[in-house]
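The values are calculated or read from the model by the stated rules, or taken from the named source; none is laboratory data. Source: prediction; values computed, not measured. With ligands, DNA and RNA removed, areas are computed over all heavy atoms of the protein, side chains included. Shrake-Rupley method; radii C 1.70, N 1.55, O 1.52, S 1.80 Å.
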Amino acid sequence: MASHFIWYELITSDLDAAISFYGAVIGWTVSPSQTPGMDYRRIMAADEGVGGMMKVPDAGMPPAWFGYVNVADVDAEAAAFEAAGGKVLWPANEDAGVGRMAMLADPQGAAIYVMTPTGEGESQAFKSGALGHCGWNEYHATNWETAFDFYAGRFGWVKDQAVDMGDMGTYQTFTAGGVLTGGMMNNPLPQQAWLFYFNVGDIDAAIQCLTNGGGALQMPPMEVPGGQWAVVARDPQGALFGLLGSRPAA
């Protein structure tokens, strides 16, 4: 059975500033959770949970977005990542009522959470086209072929289309459980290897909110399949993220 992205988490240096910024750009509402002993905020798109926010636990850690993937056995995955040349960044731990999780680095250094949830029902955090939800999961690798083989072996992901990008090489899309989920390419990012694109309505209106709020575009709008436009941006605290949206007809 294939594993899926089930949660997205921002670890940032300024929670209140991040809440205000993303609320304006994406339209999220963010409220305190009931997590004992920590200030963890829950991100909602309409009435569905998409992810969370927390303050960086270590002053030397740069703000960043992380994805959670569901697995059957967190401890077994941690061992498998280490055996393949990865690392355990945060050891497996149990969060009462939520599940067991660990933060791992894959063999190319990209950080990702693995989690075995205890709750019932399916996550709606990743939902193509749904406003406020993640619409695409993108891996920027030093070697995407090696990265894909690793994740396919661990999570059951399957290659979909291979898109020729000319001088930029191949962009390999992939499915998880038959659902088109993301893509991989050779294009290392300075901060993190996984990049998550969140769905907005009007991409130009979102860009205006982004720049007004102190964020900065890292890649200008690019038209992607399906008639949408994608941008890569950096929030005011330095975390990289993407947006997917439309351009209303003139």
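Taking every alpha-carbon pair under 8 Å whose residues sit at least 6 apart, region 122-250 reaches a relative contact order of 23 percent.
When you restrict to C-alpha pairs under 8 Å that are six or more residues apart and normalise by the size of region 4-108, the relative contact order lands at 26 percent.
So which aspartates and glutamates can residue 159 reach, going by Cα to Cα under 12 Å and dropping same-chain residues fewer than 8 places off? By straight Cα distance, residue 159 reaches 145, 149.
Compute the Cα gyration tensor for region 115-230, then decide on rounded, prolate or oblate, letting a ≥ b ≥ c be the square roots of its eigenvalues: rounded whenever a/c is under 1.5, prolate when a/b is larger than b/c in the other cases, and oblate in all that remain. Provide the component values of the computation, followed by the final result.
Numbers: a/c = 1.72, a/b = 1.17, b/c = 1.47.
Oblate.
Taking a straight Cα-Cα cut-off under 28 Å and skipping sequence neighbours fewer than 8 places away in the same chain, the lysines within cross-link reach of residue 55 are 87, 127.
For the chain, the relative contact order is 19 percent, taking Cα pairs closer than 8 Å that sit 6 or more residues apart in sequence and dividing their mean separation by the residue count. Averaged per residue, region 125-240 has 44 square angstrom of accessible surface, using a 1.4 angstrom probe with ligands and nucleic acids left out. For region 1-60 and region 104-155, what is the centre-to-centre distance using only Cα atoms, to the nearest Å? Centre-to-centre (Cα) distance: 17 Å.
For a test of the definition: using alpha carbon positions, the gyration tensor, and the 1.5 limit on a/c, classify region 1-88 as rounded, prolate or oblate. It comes out prolate by the Cα gyration axes. Among rounded, prolate and oblate, which fits region 126-181 when a ≥ b ≥ c are the square roots of the eigenvalues of its C-alpha gyration tensor, a/c under 1.5 means rounded, and a/b larger than b/c means prolate? Here region 126-181 falls in the oblate category.
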